[in-house]
Amino acid sequence: MISNVLSKSKEDLRIGVYVCHCGKNIAGSVDCEKVSKFASDLPGVVLSKHNLYTCSDPGQETIKKDIAKHNLNRVVVASCTPRLHEPTFRRTCEEAGLNKYLFEMANIREHCSWVHLYEPEKATEKAKDLVQMAVARAALLKPQEESTVPVARKTLVIGGGVAGIQAALDLADTGYKVYLVEKTPSIGGKMAQIDKTFPTMDCSICILAPKMSDVGKHPNIELLANSEVVDVSGYIGNFTVKVKKKPRHVSKDCTACGDCVKVCPVEVPNEFETGLSSRKAVYIPFAQSVPALYLIDEKSCIGLDNNTCGACKEACGPKVIDFTEKEKEVSLDVGTIIVATGLDVFDPAGLTEYGYLRFSNTITSMEFERLINAGGPTGGRLVRPSDMSVPKTVVFIQCIGSRSDSKGNPYCSNVCCMNTIKDALLIKEHWPDVKIHVLYLDIRAFGKGFEDLFRRAKEEGVMFTRGLPAEIFEDSKSGSLYLIGENTLENKKYKIEADLVVLSVGLEPRKDSDVVKRLLRLSKTTDGFFMEAHPKLRPVDTPTGGVFLAGCAEAPKDIKDSVTQASAAAGRAGILMSKGSVTVEAITPLMVSDNCKGCSLCEKVCPYNAITVDKESKEATVVEAACSGCGTCGAECPFEAIEMRHFTDEQIFAQVDVATAEDANKKIIAFCCNWCSYAGADFAGVSRMQYPPAARIIRTMCSGRVSTKFVERAFARGAAAVLVAGCHLNDCHYINANYQTKKRVERLWKKMERLGLDKNRLQLAWISAAEGQKFALKMKEMQAIVDGVSAEELEKSVKGFMPRSRVVVKKSEKAIEKTVECLTPEIQSLVCKKRSLPKDVGVKY
Amino acid sequence: MVYQNQILNLGKTLKNVLDFDKLKFCFECGICTASCPVAELIPENYNPRTLLHNLLSGSVDMLKSAELWLCAWCNRCHNHCPQKINLPEIFQTLRKFAVEHGYFEGFYKALSIIREKIPLPASSCYVCFHPERVIGDRKLVNKAIKDIILDYEDNKQKPKSIFEIPGKKVAIIGSGPTGLSAAQDLAKKGYFVTVFEESSFCGGMLRNCIPEYRLSKKIVDCEIKHIEDLGVKIKKNLAIGENLKIGKLFQDYDAVLVATGAHVEKTLGVKGEELKGVFYALDFLEKSNLKKIEVHGRVLVVGGGDVAIDCARTALRVGAKEVSVLYRRSKDEMPANIWEVNEAREEGVNFEFLVAPTRIIGENGNVVGVECVQNELSEVDDSGRRYPVAVQGSEFELKANFVVIAVGQFPSIDFLPKTVDVTKDHRVAVNPFTLETTTACVFAGGDVASGPATLMEALLAGKQAAVTIDCYLQSSGLDSFDKISAKKLESEDCDK
């Protein structure tokens, strides 16, 4: 089969194949020697080797030497996922003078050896197929030139918590212009609300306030508080961001004298004090606020709309209050963006067994912080809310909203154990006689200095009991709380009477994080936090170029980790900006003007509006800087007028053809998008989730690249089943390209129905990068479908999808009608519209 | 059979037969055990958390363990579990294995544990433990319960330690499960126990409201007889407040346990509740138990608790052609036990979810139908469930010949002195650990303090009360009890 493919290529092929053992990672279940031997016999291959670690220095050196010695013009490495080492090997090729687009990888680790650990023979067969597919594709690869785009030396930081503050200061100090956008009226975030920090017991606001004022004063930082990002367009190095500035109604000349507050008649719960005290409708969020300006809360002020009250305006000495101020929108041009949107605290009201909100003496750890804070509503005196007395027994319940499948979130929130230990010590410091019980599942004191703090708490007499209470009862008269649980170390029930119960609540992704996610085309892990580009090697990058993560937006973390990550993000953004330019992967489309009919179908499906069709010349052109290379235009074009560079039709056909050359009736051809589904399959591999070895995965940048032709080709060649997998519908890395995928697959389903075929054989799945489990399940599910496909069914589909010979639109109207009938509806309408075309034009379908 | 291999690893087998959802990872938080009434009653014999742990790592010997048979199906562990591990279903599966392999040892062992340690053992077996759910052969189950529990020799013996503590007398108001359970324990400890019962029958809800098909009344009689044999006096037809002043009790007895249960029916608050053919749940169950009621045609049961299910299944047995249960929330929020619901479905009971009655329609004073409204769920309310809200303009009519209202009960506590505090939702306020009320020497337990609950919880409350009363009478006795204040109670607050 492969020779058919090769015959198409005109140049003299000299392919070098390297099969990597990856220690035992691949060689454990795949016979690498056998695979390498197999590859050496493939046409076009002049050299095939297997080595222990291809990515190591000696491994790379071998490739370089071989390129020179054997004059290789294609290199294929069969090892791990291209998402990991493709850049490494591309660099190797470049260093040896080979265009990096002439390099191809076969993923025989994540997609083969790790997921078929116990089927060495089948794994080896699959690895052979994968290598053969890579060789076939390599044969058709063409050298490409990458273009560069400039990077604006300005950064947008979204979120003014400690992470955002740190990132902004780092970049501003380096000399870049920084826009810091904060949704609330003051920066500071959650750290400003906390009393002390663990493990050093530093006062939180005392160490944060100087940084906040630095931000306010820094000449390179433009602080946009009380503002929200509403739109982001552009791409790496050249983002245009629209920011909505909500009105403060108090101008910058405010002297913060506070005269307005005295006369304001409206009282509402104070958010900063977690509702434990109240504030006026005109207020300053907290004493150390930056900007140190008052503002009017639009929701609660009674004077704004109907002028029934104007007390503050009258009382204001410098006359800085303006009721008429309107919302403003500003547009910013930035090169990089740092997302530091932070977290939400878990709301335990849904856990009725613990009675939060129902019992006045059950509070959350955040409320506790304000209660024990000297600047808080009680002046730092720990009292229980029901009768304002100092409690004699305080119980902390851990893992509220964490590590649970049904009551909150499944992940560990990382900071609550240490926070509780810190809180317990704080109580002991001021009121040594208070009895403290900590009811826990596991105490996770993993960081520097954490264990010492834990020991100190034990020394001070804090009681740690393993086992969470099942329920809390309240004595309605005294307000005391009764807890019943099991001490699971002693297998005995405990019953505790407590004066105050503190629910140690976990951290959650922000409820409004979906907005940022959509605007910046980010992905989320199943936890709901933003996903990094690589968990180990690119922990602060996102899949979207030029966008970086800092702080709890990425995962729950403590202050130290947030600051560390913020500096890292600032560093990453700084690298891009100091370079001043960035190269764009050469995967954008080339228009074949001879074939283009100017039908503008490509223009319609392009998510970036990067294609324009000239109405007069009827020719499509691509704005390369705006294009991201998803390939959905290439999949849509009925005239083969678009060549997707590095993901051409021929290359994909070659992969399909090779994969279906033998035993096609037992195979699944899976088209997976680079960002989500391919990564999801990688994740299944990394997690060693075992699934049947029937699938042959073909990588495309986006599922939108998967043309109906590819699927039809697979069926025509007798494949038992086809999977088209992409990102979840609103998570597409190319805005909305996967909606086109959906349409195409639905069209194919209709066709299969018409042909009397089993629709289940073509599966469409939305699998995110974090859903390895889902991918493995899908594979198992599809194996059952493959097992159930009969010989007749296969024959029918082969016949049904066999490509027709060129249908020539003949001159007579009748003939056109006849031809039109056998075409898909879209093309039907197209052909009908295009009757004015030169009559001898062929419509190939 | 695959499983006949004796060295079979139960953990592996479980993983094969149960789907992943039911067998999630346990972090050993202990919430299941802490919320389990059986684990509280017999901590030395039963601990669901360690049982699961042993099952997952254990060998086939676990199938012979008695613990497997001691789950009372209250489903509290499953509802409370942070990982939503479905322990009852896991145990059910294991019981099935045990039966398939002929391992009945565990079952017999469990019955003797129940006899030794759980009050009203035979009734508990039928109402809570349900061995018949896996052992298809009802005759075998009945015989085992009869042989091991009811006819057990020791039952007929007199208590050994009787009258060791002379002169201490305890009054128990109410002869339901809580009262009887406390009476039994206190009598065994040697106290004079007198139980006061308002009606002419003993057993409370156990007799009146658990349908005959679930529990034969002969068994209840037999068990009450065993308790009477211990020296407990039961005075029937004596309503406190009416026939007997409560002050007299305080005078004559050293401690009083209020275990009057929850009998007052909540009404729907819609028009037409007075029509002929409209019943309230407890009344309906009681009358049908006494065979004083017959229905025909279509019966609508309003409510989603266990009582509603009992009513629906009873209605089928007393002549209804078609029975539908109307519940205002969706299936997920329904408080009724899932097994009862499934059994009801199998018997042909229909369920209509998200439906609330707005009016009962009558013709000539008889019920002919119910006007209902479709609900949708909104925010989570105080009970942790999503609150139903009527959809505008979704009214519709359902035909009905009879309507049974089973929307909950609350306690009647008007007879108590004012010094006994009452909660906002009309229950007696007690210390949940000791069941003490705000008045010395008065204790309260069971539904009257907790609101409607299961039999196991009622028995547990009785046991707890017995322990506290014993402590109270032994340690301090009447010394700490201010007699003057007791007299004051009598004259001013009591029996108004």
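The values are calculated or read from the model by the stated rules, or taken from the named source; none is laboratory data. The structure displayed is predicted, hence computed values, not measured ones. Glycine gets a Cβ as well: all are built from the backbone with ideal geometry, and neighbour counts include every protein chain shown. When the accessible area is computed, the model is the full protein with side chains, heavy atoms only, and any ligands, DNA or RNA have been set aside. Shrake-Rupley method; radii C 1.70, N 1.55, O 1.52, S 1.80 Å.
Once the cut-off is 25 Å, how many percent of the Cα-Cα pairs in region A:1-146 end up in the long-distance tail?
20
What do you reckon, how do A:Glu121, A:Glu490, B:Glu265, A:Glu61 stack up by accessible area (1.4 Å probe), largest on top?
A:Glu121, A:Glu490, A:Glu61, B:Glu265
Could you give the angle, 0 to 90 degrees to the nearest 10, between helix A:162-174's Cα long axis and the longest principal axis of the Cα atoms of chain A?
Taking Cα atoms only, the helix is inclined about 70 degrees.
Using only the heavy atoms of the protein chains and a 1.4 Å probe, how would A:Cys417, B:Cys471 rank by accessible area, largest first?
From most accessible down to least: B:Cys471, A:Cys417.
A:Ile337: accessible area at probe 1.4 Å, nearest 10 Å²?
Looks like 0 Å² after rounding.
Taking the Cα centre of chain B as origin, sum charge times position over the Cβ atoms of Lys and Arg (+1) and Asp and Glu (-1), and report the length of that vector in debye to the nearest 20.
I would put it at about 860 debye.
List nothing, just return the count: lysine pairs in region B:265-409, 8 or more apart or interchain, with Cα separation under 17 Å.
Close lysine pairs under the 17 Å cut-off: 5.
To the nearest 500 deg cm²/dmol, what mean residue ellipticity at 222 nm is calculated for the protein assembly as shown from DSSP H runs of n ≥ 4 alone, each contributing -39,500 (n - 2.57), summed and divided by the residues?
Value at 222 nm, helices only, nearest 500: -9500 deg cm²/dmol.
Ratio of the protein assembly as shown's C-alpha Rg to 2.2 N^0.38 Å, to two decimals?
Scaled against compact globular proteins, the figure is 1.11.
Given region A:345-508, what count of lysine pairs have C-alpha atoms under 12 Å apart, with each pair 8 or more places apart or on different chains?
4
Taking all protein chains as present, what is the carbon and sulfur share of the accessible area of the protein assembly as shown, in % to the nearest whole number, probe 1.4 Å?
Answer for the protein assembly as shown: carbon and sulfur cover 50 percent of the accessible area.
Mind grabbing the accessible area of A:Arg455 for me, 1.4 Å probe, Å², rounded to tens?
Accessible surface of A:Arg455 is approximately 150 Å².
With a 1.4 Å probe and all protein chains kept in place, how do B:Ser200, B:Ser475, B:Ser330 rank by accessible area, largest first?
Descending accessible area places them as B:Ser475, B:Ser200, B:Ser330.
Let me have the relative contact order for chain A, percent, based on Cα pairs under 8 Å that are six or more residues apart.
11
Compare the peptides B:84-95, A:22-33, A:72-83 by average per-residue count of other Cβ atoms within 10 angstrom and give them in order, highest first.
The densest-packed peptide leads the list: A:72-83, B:84-95, A:22-33.
Quote the accessible area belonging to A:Lys780 in square angstrom, nearest 10, computed with a 1.4 Å probe and with ligands, DNA and RNA left uncounted.
Estimated to the nearest 10 Å², A:Lys780 gives 100 Å².
At q = 0.18, 0.20 Å⁻¹, what base-10 log of I(q)/I(0) does the Debye formula yield for region B:265-409 when every alpha carbon is treated as an equal point scatterer in vacuo?
Cα-only, vacuum Debye calculation for region B:265-409: -1.02, -1.26.
Is region B:256-310 best put as rounded, prolate or oblate by its Cα gyration tensor, with a ≥ b ≥ c the root eigenvalues, rounded for a/c under 1.5, and otherwise prolate when a/b is larger than b/c, oblate when not?
Taking the square roots of the gyration eigenvalues as a ≥ b ≥ c, region B:256-310 is prolate.
Taking 7 Å along the Cα-to-C-beta vector as the label spot, tell me the A:Thr612-A:Lys262 distance in nanometres, rounded to one decimal.
Spacing of the two 7 Å Cα→Cβ label points: 6.3 nm.
Please get the size of the charge dipole for the protein assembly as shown, origin at its Cα centre, with Cβ charges of +1 on Lys and Arg and -1 on Asp and Glu, quoted in debye to the nearest 20.
Charge dipole, the protein assembly as shown, about its Cα centre: 3180 debye, nearest 20.
Averaged over its residues, how many other protein chain Cβ atoms are within 10 Å of peptide B:31-41's Cβ atoms?
Other-chain Cβ atoms within 10 Å of each residue's Cβ, averaged: 5.
How large is the convex hull of the C-alpha atoms of region A:247-325 per residue, in Å³?
Expressed per residue, the convex hull around the Cα atoms of region A:247-325 is 87 Å³.
Using the structure shown, select from A:Lys524/A:Lys560; A:Lys759/B:Lys84; A:Lys252/A:Lys280 the pairs with a Cα to Cα distance greater than 26 angstrom.
Result: A:Lys759/B:Lys84 exceed 26 Å.
Which value, in Å², gives the accessible area per residue of chain B when a 1.4 Å probe is used on the protein heavy atoms?
44
Where a Cα-Cα gap under 17 Å defines reach, which aspartates and glutamates qualify for A:Lys217, not counting those fewer than 8 residues away within the same chain?
Candidates past the 8-residue exclusion: A:Asp170, A:Asp173, A:Glu182, A:Asp253.
Putting +1 on Lys and Arg Cβ atoms and -1 on Asp and Glu Cβ atoms, find which of A:Ile187, A:Cys309, A:Gly685 reaches farthest to the positive end of the dipole of chain A.
Farthest along the dipole direction, towards plus: A:Gly685.
Which shape class applies to chain B: rounded if a/c is under 1.5, otherwise prolate when a/b exceeds b/c and oblate if not, where a ≥ b ≥ c are the square roots of the Cα gyration tensor eigenvalues?
Note, shape of chain B comes out oblate.
Please go through the residue pairs A:Lys557/A:Lys774; A:Lys743/A:Lys774; A:Lys780/B:Lys24; A:Lys517/A:Lys597; A:Lys126/A:Lys778 and name each one whose alpha carbons sit more than 29 Å apart in this structure.
Distance filter (> 29 Å) returns A:Lys517/A:Lys597.
Taking the C-alpha atoms of region A:568-693, how large are the radius of gyration and the largest Cα-Cα span, Dmax, in Å?
Calculated on Cα positions, Rg and Dmax stand at 19.0, 56 Å.
Taking each residue in A:466-473, count the Cβ atoms of any other chain within 10 Å of its Cβ, then average. What number comes out?
Partner Cβ neighbours, averaged per residue: 6.
Once you have the Cα-Cα distance between B:Glu274 and B:Gln474, take 0.36 nm times their residue separation minus that, and quote the gain in nm to one decimal.
Using 0.36 nm per residue and subtracting the Cα-Cα distance, I get 66.9 nm.
Region B:361-427: D in µm²/s via Stokes-Einstein (Kirkwood Rh, Cα pairs, 20 °C, 1.002 mPa s)?
Approximately 134 µm²/s, per Stokes-Einstein.
Quick one: P(r) of region A:68-185 from all Cα-Cα pairs, 10 Å bins, percents rounded to integers, in order of increasing distance.
Using 10 Å bins, I get a P(r) of 12, 26, 17, 18, 20, 7, 0 for region A:68-185.
Pull up the cross-link candidates among the lysines for B:Lys248, meaning alpha carbon to alpha carbon under 20 Å and not fewer than 8 places away within one chain.
B:Lys168, B:Lys169, B:Lys233, B:Lys235, B:Lys236, B:Lys418, B:Lys483, B:Lys487, B:Lys488, B:Lys496
What is the calculated FRET efficiency for A:Lys511 to A:His430, with r their C-beta to C-beta distance and R₀ = 41 Å, to the nearest 0.05?
So the FRET efficiency works out to roughly 0.75.
Let me make sure I get this right: for region B:12-52, a, b and c are the square roots of the gyration tensor eigenvalues over alpha carbons, sorted descending. Under 1.5 in a/c it's rounded, otherwise prolate if a/b > b/c, else oblate. Which is it?
It comes out prolate by the Cα gyration axes.
Nothing charged except the Cβ atoms of Lys and Arg (+1) and of Asp and Glu (-1): what's the magnitude of the dipole of region B:2-153 about its Cα centre? Round to the nearest 20 debye.
340
Among the aspartates and glutamates, select those whose C-alpha is under 16 Å from the C-alpha of A:Lys262, and discard any that sit fewer than 8 residues away in the same chain.
Straight-line reach from A:Lys262, under 16 Å: A:Asp297, A:Glu314.
Contact order normalised by length for chain B, with contacts defined as Cα pairs under 8 Å and 6 or more residues apart; what percent is it?
Averaging sequence separation for qualifying contacts and normalising by length gives 14 percent for chain B.
As I understand it, the dipole of region A:1-146 uses +1 on the Cβ of Lys and Arg and -1 on the Cβ of Asp and Glu, about the Cα centre. Which of A:Val35, A:Asn73, A:Val19 lies farthest toward its positive end?
Going by the charge dipole, the pick is A:Asn73.
How are the Cα pair distances of region A:159-293 distributed, in percent, across 10 Å bins from 0?
Binned Cα distances yield the sequence 11, 36, 35, 15, 3.
With θ set to phi - 60° and the Karplus curve 6.51 cos²θ - 1.76 cosθ + 1.60, what are the ³J(HN,Hα) couplings of region A:664-677 in order, to the nearest whole Hz, using x for Gly and Pro?
4, 5, 10, 10, 10, 9, 10, 9, 10, 6, 4, 7, 10, 5
Just the Kirkwood number for region B:199-262, please: inverse of mean 1/r across all distinct Cα pairs, in Å, one decimal.
One over the average 1/r among Cα pairs gives 13.6 Å for region B:199-262.
Just which residues of region B:378-419 lose 40 Å² or more accessible area with every protein chain there, against their chain alone, with the probe set to 1.4 Å?
Relative to the lone chain, where solvent access is computed with a 1.4 Å probe, region B:378-419 loses at least 40 Å² at B:Asp382.
Which whole-number percentage describes the relative contact order of region A:247-325, with Cα contacts under 8 Å and a sequence gap of 6 or more?
Over region A:247-325, the number comes to 41 percent.
How big is the B/A interface in buried accessible area, both sides summed, 1.4 Å probe, to the nearest 100 Å²?
2400
Suppose each label sits 7 Å from its Cα in the direction of the beta carbon; what would the B:Lys331-A:Ala287 distance come out to in nanometres?
About 5.8 nm, to one decimal.
Select from A:Ala349, A:Leu489, A:Asn226 the residue farthest towards the positive end of the dipole of the protein assembly as shown; place +1 on Cβ of Lys and Arg, -1 on Cβ of Asp and Glu, and compute about the Cα centre.
Checking the options against the dipole of the protein assembly as shown, the answer is A:Asn226.
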